[in-house]
Amino acid sequence: MGKKNIIIIIACIVFIVFSGILYLQPGGGKSTSFTGDTGEDILQDEETGNNKDGQETEEKDNKTDTTEEIAVYVCGAVKHPGVYSLLNGQRICDAIKAAGGFKKSAARSAINLAKVLADGEQVIVLSKKQAVSDNKNNNSQPQQDGGLININTASKEELMSLPGIGESKADAVMDYRLSCSFKSIDDIKNVTGIKDGVFNQIKDQITV
């Protein structure tokens, strides 16, 4: 055997022995690559999840606030007076609707239908006569002269409190004075539907 062949054999043996040593080391000679989430990534995911949970909780709380039920007592000139459960943020018009709507005698213009309701609130719907009486007592819109109703400035409810004056005649009086004012109480007979019979009933209760 030549010297060169011996050197080659020795080199092969050394290579095989060295490769075996490397193979027996931890990891089995296999390369390990970390392509998954790192601890930092997991922490960031957890923090993101917490933030999302917090946002969802806040949104749920907001939804709860807007869907909270309140109790409202509706009475007076409505069809079905009583206590009704409504949603937070609803208005007086919703409460009256829940109570079956207005009665014919209700003074609809005397109540603010757009007002937002509060829990435990009482909604009182006045009748037309009650509204007139309330206006007189509070003097909120002074249209009286010595206890008489001024036909130039009286509200529809006040006109309807006069004997023989219903809703249609009150509307006719208000339409008439849009074009011209009453110079004397006798001028009210110029209004359609108001003749001597009605005038004699109201002449001692009106003024100009």
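Accessible area per residue (1.4 Å probe, heavy atoms of protein chains only) ranks Val123, Val116 as Val116, Val123, with the largest value leading.
As a rough guide to protection, the peptides 171-178, 155-162 ranked by mean Cβ packing within 10 Å, highest first, stand as 155-162, 171-178.
The value of relative contact order for the stretch 152-208, using C-alpha pairs under 8 Å at least six residues apart, is 38 percent.
Accessible area per residue was computed with a 1.4 Å probe on protein heavy atoms; Phe15 scores about 140 Å².
Only protein heavy atoms count here; on that basis, with a 1.4 Å probe, Arg91 has an accessible area of about 100 Å².
The values are calculated or read from the model by the stated rules, or taken from the named source; none is laboratory data. Note that the structure is predicted; figures quoted are calculated from it, not measured. Neighbour counts are summed over all protein chains in view; Cβ atoms, including those assigned to glycine, are modelled from backbone coordinates with ideal geometry. Quick note on the areas: whole protein, heavy atoms, side chains included, nothing else; ligands and nucleic acids left out. Shrake-Rupley method; radii C 1.70, N 1.55, O 1.52, S 1.80 Å.
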